1. Looking at the range 122-165, which of the residues that are touching a Leu at 6+ places or on another chain (Cβ under 9 Å) and of a type in the set (Gly, Ala, Ser) is nearest to residue 274 (Cα to Cα)?
2. Kindly establish whether residue 105 is out of contact with any helix residue (DSSP H, G or I) (no Cβ under 9 Å at 6 or more places or on another chain) and within 20 Å of residue 24 (Cα to Cα).
3. Considering only residues that are surrounded by 14 or more Cβ atoms within 10 Å (Cβ to Cβ), out of contact with any helix residue (DSSP H, G or I) (no Cβ under 8 Å at 6 or more places or on another chain) and within 18 Å of residue 212 (Cβ to Cβ), which ones fall in the range 227-243?
4. Scanning for something closer than 21 Å to residue 305 by Cα, surrounded by fewer than 15 Cβ atoms within 10 Å (Cβ to Cβ) and free of Cβ contacts under 8 Å to residues at least 12 places away in the same chain, does the range 143-156 turn up at least one residue?
5. Take the residues of the range 157-186 that are over 30 Å from residue 89 (Cα atoms) and touching a helix residue (DSSP H, G or I) at 6+ places or on another chain (Cβ under 9 Å): which is surrounded by the most Cβ atoms within 10 Å (Cβ to Cβ)?
6. Given the criteria of a type outside the set (Gly, Ala, Ser), at pLDDT 95 or above, farther than 29 Å from residue 129 by Cα and in contact with a Leu (Cβ under 8 Å, 6 or more places away or on another chain), does residue 46 qualify?
7. So, in the range 53-68, of the ones that are touching a strand residue (DSSP E or B) at 6+ places or on another chain (Cβ under 7 Å) and part of a loop (DSSP other than H, G, I, E, B), which residue ends up nearest to residue 96 (Cα to Cα)?
8. Test residue 13 against the stated conditions and say whether it is surrounded by 14 or more Cβ atoms within 10 Å (Cβ to Cβ), modelled with pLDDT of 95 or more, closer than 18 Å to residue 170 by Cβ and touching a strand residue (DSSP E or B) at 6+ places or on another chain (Cβ under 8 Å).
Amino acid sequence: MESVPYFGHTLSRWTVGTSTFLVLPELGARLLNWNVTLPDGTIRDVIYWPELSSLDDVARVRGGNPILFPFNARTFHQGAIHQWKDPEGRVRPMPMHGIARQGRFKVSHRHELGFTAVLEPDEAAREAYPFAYEFAVTYRFSPTRLTCELSLENHDRRPIPWSAGHHFYFTVPWEEGLTRGDYGIRIPANRSVRQDSSGQLTPGPAFAAEEPMDRPELIDAIHLGLRQSTVVFGPRSASGEVRVQLGTEPAPPPDAAVVTWSGAPDAPYFCVEPWMGPPNAAEHGVGLHWVQPRQTGTFSVAVEIA
């Protein structure tokens, strides 16, 4: 592991085989970039990171892997956005994607193949999520694979709710001369939903077993009822597929979700986001998980290139 100065901060760089992983552990436990050196010497970016002029608003940068905790995307209370009602009945603020992506973390363990970073909640985070807990992010790196485990350890006397996730920005397309439409994605889901303007889930479009990645209906689609744990995407006529796996079992829990999104049809990235459940879980209950006192909840994902 090496240290790299970056806009007044220090990146951590892991080189494992032909893969290089760049991480900013102290700011959001943010994985910035994963790139691979190919046999011909060229570099393939697996995880996209844009050119920046500063890190003044790193939480909003469209790149890397923002950690979504304790809830993903938009929360609502009775139609009012960025609010949620805690188990005691108090309505509290909750930023878009939660409190971790803009949060400060302390590295508790660092080694040649990864690290663990622990969230240090500030006053705003404690107001939004008023529990005694330890939230940790653990990355492990290998030549063709990364795993990331989110863990929530309950130090409170009451159960703690959460429904966390990841926001991976994948470089698409990555083959020269191809477009997003030359790539296909296979999501083994039974149905899709969308989130309406009041935070409720509404029926989404139907998808085939494999869809071209430029299909507009994939944007903001929440895929549910996953029959298998792995989503696969890549160019139809070339190698190098990406596999995103939720958990370690053949199939994830029934309320687990995969979200597909991109900022524009010509954006150099496409997001495939494994979540514990759909957005606004604290209100509608779908995909909401509880960690009992003195217990630890975990959510693990893996990303692998073929």
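1. Result: 165.
2. Yes; evaluated as a whole, the condition is true for this residue.
3. 231, 232, 233, 234, 240, 241, 242
4. No: the range 143-156 contains no residue that is closer than 21 Å to residue 305 by Cα, surrounded by fewer than 15 Cβ atoms within 10 Å (Cβ to Cβ) and free of Cβ contacts under 8 Å to residues at least 12 places away in the same chain.
5. 172
6. It is false that residue 46 is of a type outside the set (Gly, Ala, Ser), at pLDDT 95 or above, farther than 29 Å from residue 129 by Cα and in contact with a Leu (Cβ under 8 Å, 6 or more places away or on another chain).
7. Looking at the filtered set, the residue picked out is 66.
8. Taking the combined requirement at face value, the residue does not satisfy it.
The values are calculated or read from the model by the stated rules, or taken from the named source; none is laboratory data. Computed from a prediction, not measured in an experiment: that's the story for all the values here. As a convention, Cβ positions derive from the backbone with ideal geometry for all residues, glycine included, and neighbour counts pool all protein chains shown.
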